[in-house]
1. Take every Cα pair under 8 Å in the chain that's 6+ residues apart, average their separations, divide by the length, and report that relative contact order as a whole percent.
2. Among bridges DSSP assigns within the range 7-88, what percent are antiparallel (round to 5)?
3. Quick one: 36, 90, fewest Cβ neighbours within 10 Å first, how do they rank?
4. With N residues in the chain, what two-decimal value do you get for its Cα radius of gyration over 2.2 N^0.38 Å?
5. Which residue fluctuates most in the GNM of the chain (Cα springs below 10 Å): 72, 49, 62?
6. Which FRET efficiency value, to the nearest 0.05, do you get for residue 10 and residue 80 by plugging their Cβ-Cβ distance into 1/(1 + (r/R0)^6) with R0 = 22 Å?
């Protein structure tokens, strides 16, 4: 298991952040949220995955850091999946 570099998404409004949080909550196995930070864990067919995040309303940024991922899941795959999630949220 390994981790990834942080991934920052820009132009994320409060409304969009709340929709992203709701989507994460619906998809992850275990979620901890507190204000503008949180973490989630879940299982994939290749192993356990966990990530933490932080939302900065003043900067309109949403930063995700993968803290644990299966060895055969690349950082690029995670970035692509997160990008798809962000783009799929209407807000």
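1. 37
2. About 100 percent, rounded to the nearest 5.
3. Ascending Cβ contact count within 10 Å gives the list 90, 36.
4. 1.02
5. Comparing 72, 49, 62 in a Gaussian network model of the chain, the most mobile one is 72.
6. It comes to 0.80.
Every read-out reported here was derived from the displayed coordinates using simple, explicitly stated rules and does not represent laboratory data. Remember, predicted model here, so these are calculated numbers, not experimental data. Cβ sites come from the backbone with ideal geometry, for glycine too, and all protein chains shown count toward neighbours.
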